[in-house]
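The structure under discussion appears below in the form of structure tokens.
Derivation of every value follows stated rules applied to the coordinates shown; laboratory data play no part. Keep in mind it's a predicted model, so treat the numbers as computed, not measured. Don't worry about glycine lacking a Cβ; one is built from the backbone with ideal geometry, like all the others, and counts go over all protein chains shown.
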Amino acid sequence: MALAVLFSLLCLSLSQLLSFQANAQQNPTSGFTAVPLSQSNFKLQKPYDKSPSERYSFSNGEHRLWVFATDKPHTTSSDTKPRTEIRIRGYDYSSGVWQFEGQAYVPSGTTGTSIMQVFGDSSRATTIMLRVYTGSLTVYRSSVILSNMYNRWFKVNVIHDVGASNVKVYIDGVLKYEGSGAGGNNHYFKFGVYGQNDESNYMESRWRGIRVLRRN
């Protein structure tokens, strides 16, 4: 009996240790080097009939981007849903291991919107898209990676290994998602708000501490 109890306690302790390790914070940027970024690397995409200041502000290192479900698309020839996004330019890539890092904030009420994406895929427009649905951060419309995420800052790290066709998402230093990359020969990072299914009338996200990194 004593041995059985001891064995049970050891199994429980091992299980707790494995759980702790799985949820422990990590440094996703270890082994990566940040590339230089300036405002010239941030290309704003917003409703074509609006001025930048009507849908975007930048103050004290914080990007604030918002859009309405009734807004126009970003170009006159586009039939996509409304967006106010920043497309990081100057660092398009087709090989290697690249990483996006930023701190995000989404106010309550925003839903049905993409707040970050890795553009480029062999079968669809994006390699991965992080969306907000009723207070949860999801990969596309499944795989909840953060709950109760309204009205607070959280850190996002997205690592794309092109050669291995692998994508990882870390939230506040914890690995929350890992999946396949599915090809494509040109990729870049975007962040902001881009209407998706069942979008709210008003959508907003805020970002700070934006970095792009490349594996050494």
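Backbone phi angles across segment 51-63, fed through the Karplus curve with coefficients 6.51, -1.76 and 1.60 (θ = phi - 60°), yield HN-Hα couplings of 6, x, 5, 7, 9, 8, 9, 9, 8, 6, x, 10, 8 Hz in residue order; Gly and Pro are listed as x.
Could you work out the helix-only [θ] at 222 nm for the chain, with each DSSP H run of four or more residues adding -39,500 (n - 2.57) and the total divided by the number of residues, to the nearest 500 deg cm²/dmol?
-3500 deg cm²/dmol
Rounded to the nearest Hz, the phi-derived 3J(HN,Hα) couplings of segment 179-196 under the Karplus curve 6.51 cos²θ - 1.76 cosθ + 1.60 (θ = phi - 60°) are x, 7, x, 6, x, x, 10, 8, 10, 7, 9, 9, 8, x, 9, 9, x, 10, where x marks glycine and proline. Take every pair of alpha-carbon atoms less than 8 Å apart whose residues are at least six positions apart; their mean separation over the length of segment 2-215 yields a relative contact order of 29 percent. Computed from the Cβ-Cβ distance with R0 of 30 Å, the FRET efficiency linking Thr76 to Asn185 stands at 0.65. Between Ala34 and Asp198, the distance separating the two model label sites (each 7 Å from Cα on the Cα→Cβ line) works out to 3.8 nm.
Legend: calculated FRET efficiency, Asp172 to Tyr140, from the Cβ-Cβ distance at R0 = 22 Å, rounded to 0.05, equals 0.60.
Put simply, the convex hull of the Cα atoms in segment 2-215 casts, on average, a shadow of 14.3 nm². For the chain, the tally of Lys pairs with Cα-Cα distances below 21 Å comes to 18, considering only residues 8 or more apart or on different chains.
Helix 2-23 against the longest principal axis of the chain: what's the angle in degrees, Cα atoms only, rounded to the nearest 10? So the inclination is approximately 20 degrees.
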